[in-house]
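The values are calculated or read from the model by the stated rules, or taken from the named source; none is laboratory data. Just so it is clear, the model here is predicted, and its values are computed rather than measured. Quick reminder, even Gly has a Cβ in these numbers, built from the backbone with ideal geometry, and neighbours come from all protein chains shown. The protein model used for the area step is the full one, side chains on, heavy atoms only, and it has no ligands, DNA or RNA in it. Shrake-Rupley method; radii C 1.70, N 1.55, O 1.52, S 1.80 Å.
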Amino acid sequence: MIKVILWDIDGTLLSFKLAERAAIRACFEKFGLGELTDEMLAEYSAINASYWKRLELGELTKPQVLRGRFEEFFTAYGLDTGCVDDFNAEYQVRLGETVVFNDNGRELVQRLRGKVKQYAVTNGTLVAQRGKLKNSGLDLLLDDVFISDVVGVEKPGKGFFDAVFAAIGDYEKDEVLIVGDSLTSDMQGGNNAGILCGWYNPGGEPVPEGLRIDYDIRDLNAVEIILDLEG
């Protein structure tokens, strides 16, 4: 029986792409950086994703990600890199302002309250995640939140999940399900921790080899069906 769900936030419960677009547009306007085209947005999104993946692989530190992605992006478009640190600080705040749930996720979390324990597990920055959780109401719906900046270890590191288990109490590994969109962060992290893994895969991508994925989830509401099956 599944007793605990570990929810990823960005790209799982909440749409990260919409928040990302709104945040960077707002920052471009505030810093007077000119027009932000759809091509530039797509390029930034790709650069950003690559930096976070390198973090999950242990190739970069969080500060290197936060600064490096904007340095590379600004350089590619001939923008002044002197404001990168201030731009990033503003960007963290703005990320928390645009809240769009995937698959009516807020209602899903509400329905599951009292049936299972629900926790957020995220690598996002403390400022951005606190903003998202507050503005989405998830801070009041979830049982607790684990942010890597506070934990001191990034997903998929086993140390992150060790800290989660130390805080939430004694559960068997097959009583805990992580639900997330990232193969390198959430699914690899779940594999490292030995818990059940539900890959949020709305695009219907093929399940990769080499990772244990217990549930291929196309719509978050399928989590309710999984809980019934495992009950």
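Okay, here's what the table says:
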{"item": "Point-charge dipole on Cβ atoms (K/R +1, D/E -1) for the chain, about Cα centre, debye to 20", "result": "440"}
{"item": "Calculated SAXS-style log₁₀ I(q)/I(0) at q = 0.07 Å⁻¹ - the chain, Debye, Cα scatterers", "result": "-0.22"}
{"item": "Label-reachable residues, the range 60-90, where backbone N falls under 13 Å from a point 7 Å from K30's Cα toward its Cβ", "result": "84-90"}
{"item": "Mean separation of Cα contacts under 8 Å, 6 or more apart, over the residue count of the range 17-134: relative contact order %", "result": "32"}
{"item": "Rotationally averaged projected area of the range 126-216 (alpha carbon convex hull; nm²)", "result": "6.4"}
{"item": "Rounded to the nearest 10 Å², the accessible area of E224 at probe 1.4 Å", "result": "50"}
{"item": "Nearest-20 debye value, the range 1-128 charge dipole, Cβ charges on Lys, Arg, Asp, Glu", "result": "980"}
{"item": "Pairwise FRET efficiency - D86 versus R212, Cβ, R0 = 41 Å, nearest 0.05", "result": "0.45"}
{"item": "Cα convex hull of the range 14-139, projected area averaged across orientations, nm²", "result": "8.4"}
{"item": "Under the Karplus curve 6.51 cos²θ - 1.76 cosθ + 1.60, θ = phi - 60°, whole-Hz ³J(HN,Hα) for the range 19-24, x wherever Gly or Pro sits", "result": "5, 4, 4, 5, 5, 6"}
{"item": "Value of relative contact order over the range 116-231, rounded to a whole percent, pairs C-alpha under 8 Å and six or more apart", "result": "17"}
{"item": "The range 27-89, relative contact order in percent, only Cα pairs under 8 angstrom and at least six apart counted", "result": "29"}
{"item": "For the range 58-109, the spread of Cα positions along each principal axis, largest first, Å", "result": "43, 26, 18"}
{"item": "Percent antiparallel among DSSP beta bridges (both partners in the chain, rounded to 5)", "result": "5"}
{"item": "Net charge of Cβ neighbours under 12 Å - reference F16; Lys, Arg +1; Asp, Glu -1", "result": "-1"}
{"item": "Using a Förster distance of 35 Å, the FRET efficiency for E71-E205 (Cβ separation, nearest 0.05)", "result": "0.70"}
{"item": "Those lysines that a straight Cα-Cα span of less than 30 Å connects to K155, excepting residues fewer than 8 apart in one chain", "result": "K3, K17, K53, K62, K115, K117, K132, K134, K173"}
